[in-house]
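Have a look at the structure below, then the notes.
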Amino acid sequence: MKDIKISRCYTVSAQDMLDIWIESFHHLHHVVAIWDAKTHFDLLKEIGLKLDLSVLYNNKILTIQVDSLDDALKMHSRIPKDVGPHTQIYSLGKLIKDNIED
């Protein structure tokens with residue numbers, strides 16, 4: 001790499017990407033973000049999510065748009081934080097809650 005001059009180098013986290021995704025595409029919605037849903041596929045099906053495993057083949061973050069903040073909170077409360085995936089609730093483009101800081 002001696003012959004390549006690098007002027008700047010930046011890192012972008014998956015959390016940064018999710019925040020931008022929510023701000024860009026879901027700024028008027030209520031969303032539950034579920035990290036690594038494929039790993040927790042059976043648990044998510046048990047709590048009532050109708051997911052197709054083929055859609056989650058290369059999943060990092062699953063976003064689910066719901067009708068209200070109340071619906072997002074209900075879904076969030078059904079996912080056990082001790083064995084379930086990391087989940088976050090966004091409302092109108094802003095992070096409201098996650099299951100790490102509950």
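For the chain, the mean residue ellipticity at 222 nm estimated from helices alone is -8000 deg cm²/dmol, where every DSSP H run of n ≥ 4 contributes -39500 (n - 2.57) and the total is divided by all residues, rounded to the nearest 500. Among the trypsin sites (Lys or Arg not before Pro) found in region 40-92, those both in a DSSP coil and sparsely packed, with 16 or fewer other Cβ atoms within 10 Å of their Cβ, are Lys50, Lys60, Lys81.
Ordering Asn59, Leu44, Ser24 by Cα displacement along the dipole of region 14-98 toward the positive end leaves Leu44 in first place; charges were set at the Cβ atoms of Lys, Arg (+1) and Asp, Glu (-1). For the chain, the longest principal axis of the alpha carbon atoms and the long axis of helix 14-25 meet at an angle near 70°. When only alpha carbons of region 14-98 are considered, Rg and Dmax amount to 12.1, 31 Å. Against the chain, whose longest principal axis is taken from its Cα atoms, helix 69-78 shows a tilt of about 80°. Working from Cα pairs under 8 Å separated by at least six residues, relative contact order for the chain is 35 percent.
Quick note: the coordinates plus some simple rules give every number you see, no bench work behind them. Because the structure is a prediction, the values reported are computed rather than measured. Heads up, the Cβs are rebuilt from the backbone with ideal geometry, glycines too, and the neighbour counts pull from every protein chain shown.
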